1. Enumerate the pairs (first residue in the range A:175-195 and of a type in the set (Ser, Thr, Tyr); second residue anywhere and open to solvent by 40 Å² or more (accessible area, probe 1.4 Å) and at pLDDT 95 or above) with beta-carbon separation below 9 Å, excluding pairs fewer than 6 apart on the same chain, so at least 6 apart or on different chains.
2. Are any residues in the range B:109-127 of a type outside the set (Lys, Arg) and closer than 27 Å to residue B:179 by Cα, and if so, which ones?
3. Can you spot a residue in the range C:330-353 that is within 14 Å of chain A (Cβ to nearest Cβ), without any contact (Cβ under 8 Å) to a residue 40 or more places away in the chain and more than 20 Å from the chain's Cα centre (by Cα)?
4. Scan C:325, C:255, C:296, C:311 and give me the residue that is aliphatic (A, V, I, L, M), open to solvent by 10 Å² or more (accessible area, probe 1.4 Å) and at pLDDT 95 or above.
5. What residue, of C:203, C:217, C:210, is modelled with pLDDT of 95 or more and within 30 Å of residue B:244 (Cα to Cα)?
6. Give the residues of the range A:323-363 that are surrounded by fewer than 22 Cβ atoms within 10 Å (Cβ to Cβ) and at pLDDT 90 or above, sorted by residue number.
7. Given the criteria within 14 Å of chain B (Cβ to nearest Cβ) and not in a loop (DSSP other than H, G, I, E, B), does residue C:74 qualify?
8. Being at pLDDT 95 or above, within 14 Å of another protein chain (Cβ to nearest Cβ), assigned to a helix (DSSP H, G or I) and open to solvent by less than 10 Å² (accessible area, probe 1.4 Å): is that true of residue C:406 here?
Amino acid sequence: MTAAPPRTADGRTLRVETQTGLPGLGGLYARGAAASGRIAAGRALPSLPVIGTGRPASDDDGEAQAALVLPDVAYRVSGVRTAGLERHLHDYQRLLHEPVGSTMPAGYLHVLAFPLATAVMVRGDFPLPLLGMVHLRNVVEVRGPVTVGDVLDVRAWAENLTAHRRGVQVDLVAEIRFDGADPSEPPVWRGVSTYLAKGYELPDAEADGQRGRTSRPEVAPAGYDPATHGTTSAASVASASDGWTPPLPTGRWALGPGTGRAYGAVSGDRNPIHLSALSAKAFGFPRAIAHGMYTAARALADVGHRRADAYRWTVDFAKPVLLPGTVDVAITPRSDDDGNPAPDLTGTAAGFDYVGWSSRKGVRHFSGEVTPL
Amino acid sequence: MTDRYTKAVNSGFTQTLAKKLGLPRPAVLRRYRAGDSLTVGPVLVVSDGASKADADAIAQTLLGWDLDVRREPTDDVRWGAVVLVLTEATAPTDASEAVLATGSVLRRLAGNGRVVTVSRAPADGDSPALSATRHGVDGFLRSVAKELRGGATGNGVVLTDDVAVDDPSVLGTLRFFLGAKSAYVDGQLLRVGPTADGVPAADAPEPATDRPLTGQVAVVTGAARGIGAAIARTLHRDGATVVCVDVPAAGEALAATANAVGGTALQLDVTAEDAGERILAHARERHGRLDVVVHNAGITRDKLLANMKPGQWDAVIAVNLAAQLRINAALLEAGLEGLRIVSLASTSGIAGNKGQTNYAFSKAGVIGHTRATAGLLAARGGTANAVAPGFIETEMTSRIPFATREVARRIPSLAQGGQPVDVAEAIAFLASPAAAGVNGQVLRVCGQHLVGQ
Amino acid sequence: MASRQSRAAATNGPRDAVVVGGNRIPFSRAGKKYADASNQEMFTAALEGLVARYGLQGERLGEVVGGAVLKHSRDFNLVRESVLGSSLSPATPAYDLQQACATGLEATIGVANKIRLGQIESGVAGGTDTVSDAPIAVGEGLRRALLDAQHAKTWQARAKALAQIRPGDLKPLTPATDEPRTGLSMGEHQAITTARWGITREAQDEIALASHQHLAAAWESGFFDDLVTPFRGLTRDDNMRPDTSAEKLAGLKPVFGRSLETPATMTAGNSTPLTDGASTVLLGSREWAESHDLPVLARVVDAETAAVDFVHGHEGLLMAPVHAVPRLLARNGLTLDDFDFYEIHEAFASTVLTTLAAWEDVDYGKNELGLSGAFGSVDRAKVNVNGSSLAAGHPFAATGGRIVATAAKLVAEKAAETGRPARALVSVCAAGGLGATAVLESV
């Protein structure tokens, strides 16, 4: 088991720490896989509960910024067997309106891999607090189908600590390769989840540089919390409707009050803000909110088979979706290189943009793209 | 549509009770079922001396119908029918012996028995005595019919124009009166003349046949329900292919009737300008011919004349009378050979009925146009006749208030209402080849409801 | 090679399939006259009326084909059961078919094709639908638990399976007419298409008004006397409003497209209501019709179905017929000008208008239909001349039969009147981005 240590986007070389199994995938579904001894079925993350060591920045506390350094470590779990996951996968597929089969949708691989990234975030030397972090964005690249029975190699680390208008953001990267695949080749699945820790600051120069480099929308996101406890408040989130006109919808999701519980059961993310109005109120939300990745995965499913085998799937989160609720969605085919609207139905479309919004309030919940790689 | 009273006094404990109380006990009428014998017992054929040859001829025919025919009254028989032949009686006294002979067996006449007179119609130029004799039969028959009990009826075959007693139509009419098909026809005298010119003898089949309308196409208007549906069923039973016509709004019941009789449904308002043409076209295109048209469609809009609104008057005239005239005109223009038209008149059109000035006008009008049309059709071997039902147990009459309905039921000699099938049987008879010599006549199916002709 | 073969087939290939006639029951708004009538009862009634009209009692037909969009599981053999309950010979085969609102037309196409191939001599096509007696399913949780319990081998396992049931599972599921893949109702979908094509409220109301007026006039003239048999005391389509007016229609509030940026234009007046009803069409070979002394109204010239990608918003949900018709006409050497009648199913008034607009649009013709320009224009005076679904109502699977019978009678009457052949184009849009179209021609 030799694997080259991953290099991060910000140029660091990481030390690989091999874990005994994928954490976080609680409940019944993992049992079949757990029997293989490779996936730990424990509900608890390795070191939960852990609160991030970083502290909110304050004008008179310059030293605090020195602590904002990401751990130079990548977690790795190899030999992850998926043979027992069929029923779990099917439940996921039905819930997300994906065709039921043995190919794992990108969102499912996120469910599978992301707990390892969370484990990085709950390390004692991770500079930001897990509690209260806001999921801003997610970018996934899929380079081929992963099917039930494949044995996988999963790695995760944190990178790109950068300034954000409202604090500090960080990318949590997870990669999935087939077991034994060349680590220098691109992974079959790669997910980058960007989180915001509000109220933190980076040194100005670095922050400016980051701002200049990224083109992320200045929409204020809210609501998605990767941990199983704690949350941020949505009260401070800015309006996402400035100057935006909804397109003609192509679909409408009627999301019932149990949507969060259902996705929580399948994904293992049982954050109370998703589970019930009561538990969500305790964290400052008027009602339960839908998992951001649920909405992104529904959009991916709506694009359907016309996403190619290799594709890039992104989502930017804006206003959270309160449950129960109705989300209008537009899936828009991109123009091809000639500027034509790509009417052909043969799967060679230039990709799709999507956006979900509340037609009642006229505000965006999320937007993203599904484009061929 | 059930007459509970008639049922009650004819069965079980209530029957015993009714007998003891001396309540009128309307009989359960015997109605036609395929395979049943024509009469309920032996038939006595009697005549005056001069008519003996005719009586012999009739007796011979009856024997041919497998009936037990007797020429002498005896006490050991429960008679099924008496046929009183008075065709050649010329003086009132001629009839005495035969009439009294008839009387001598009436106590032994079985329930649902029959008395049928066969006589000749008075004609211009008759001597006073002959005319008296021939008219006398009329009064006699209507009276004896009223004396009969137990569902027995009395009717008369009246020969016109020197027609012979063995004429198929005479025998056919006799057979109708003897059998169960005339269950609710009582006290009626039906005139039978010679078969119209142009009808080949071969076209007049043996009257004994069970399906006299085989191969023929019949149109019945108002066929969705009640009497019309019964007519369709009866004509179908007799072998006809039936085109069932009714207003589009009655289509559901019409379809049920058509499907029950294996015919076709034609949703058509008979008051439409082109109703006749469309009926004719349908019959010809879909069934290749048209032999029988039964004008059954009719409506009532009862109101005292003082309260009559134009719409109520006009609608009744339009449906019951004008439509028939227009359709008949189209049929006549088409020049069909041997066409039989049978129209529904009503006893209201004969005797009048309070609250039914419009209806009675239309139904008397039907009688009028039937008589006038008869001659026009006769030229091509056809006939036009009318049937005048009395109180018939239908959906329509079931809506009459109970007391009124009960009175209406008990007035006729048969002391009960008729069934739709009774009307249908009369129509089927008039449509049959056996009635080729019956033309321009009105046959009442009323259980002898009315006095007079 | 292939094209030469198909052309040869078109000239002296299959024999004709002809429309003898049709029968339907009056259509009734959901929850009214037919509130307790089942699909089977309605289809049987429509069939019985047809049998009565054409004297088919005891007749063994080639087949009876039809279906329902909203169907009980007990109705797995709906059409066959209806045949067994009818006066047709019980030796008449039947099968169920479902293509959403195009069911009736698709059934017609199927029967006509079998006749043309010589596989059958006669057949009935039709459909039925009831919203009043729609099936109600149990929730997924309850359903799974019941199935698990049924499959359980021991009572313990059964009890365990039943113990999974949660109170929320007991809520019944009523059938939704929402598109499964988009979650949008058909009305919302059409509202999007309407907005995209910029169809005005006034134009839609005009179509609706004409539909009611035309249908009422057709009823008054007796056009439907031999196309409809009353049922359950209903003698005419009870959705029809002969007395409606532009003012009345203009006063209705929009019900679809209210969440769009553009003004909502689709009201209960210019959209079809939920309707109960059933329809049938009698088809046969010419020889069969002749040997049974049956009339022939029209022949089924050809048919084409299409589907569009509405899921990704590329095309409107109900725009498939727009694509089917150019292909259909091209194959038969016809243009849009070659018709005396256009029967375009009025799922919504705007369906008709977007269809016509798309055919008249040059860019659309080029980009979407692959033509050199606009497909063509339709003389509005020839569209739905005797009314259509807006006035008659739209019992999904029954609409195709209504339209085919109407179109067949129209061309027959036109031909009789003018002495020249008459032709009708039939177009029915359907859920799922489907569309079925056909050409009927007088004989």
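The values are calculated or read from the model by the stated rules, or taken from the named source; none is laboratory data. Worth saying up front: this structure is predicted, and the values here are computed from it rather than measured. In this analysis, Cβ positions are derived from the backbone assuming ideal geometry, glycine residues included, and neighbour counts consider all displayed protein chains. What goes into the accessible areas is simple: the full protein's heavy atoms, side chains included, and nothing from ligands, DNA or RNA. Shrake-Rupley method; radii C 1.70, N 1.55, O 1.52, S 1.80 Å.
1. Every condition considered, the pairs that remain are A:193/A:137; A:194/A:137; A:195/A:137.
2. Here is the first cut: in the range B:109-127, the residues of a type outside the set (Lys, Arg) are B:109-113, B:115-119, B:121-127.
Within the range B:109-127, B:109, B:110, B:111, B:112, B:113, B:115, B:116, B:117, B:118, B:119, B:121, B:122 meet the criteria.
3. Within the range C:330-353, none of the residues are within 14 Å of chain A (Cβ to nearest Cβ), without any contact (Cβ under 8 Å) to a residue 40 or more places away in the chain and more than 20 Å from the chain's Cα centre (by Cα).
4. Values: C:325 fails: open to solvent by 10 Å² or more (accessible area, probe 1.4 Å); C:255 fails: at pLDDT 95 or above; C:311 fails: at pLDDT 95 or above.
From the options C:325, C:255, C:296, C:311, the qualifying one is C:296.
5. Working: C:203 fails: within 30 Å of residue B:244 (Cα to Cα); C:210 fails: within 30 Å of residue B:244 (Cα to Cα).
Of C:203, C:217, C:210, the one residue that is modelled with pLDDT of 95 or more and within 30 Å of residue B:244 (Cα to Cα) is C:217.
6. Correct list: A:324, A:325, A:326, A:353, A:358, A:363.
7. On the way: within 14 Å of chain B (Cβ to nearest Cβ): no; not in a loop (DSSP other than H, G, I, E, B): yes.
Criteria not met by residue C:74.
8. Details: at pLDDT 95 or above: yes; within 14 Å of another protein chain (Cβ to nearest Cβ): no; assigned to a helix (DSSP H, G or I): yes; open to solvent by less than 10 Å² (accessible area, probe 1.4 Å): yes.
Answer is no for this residue.
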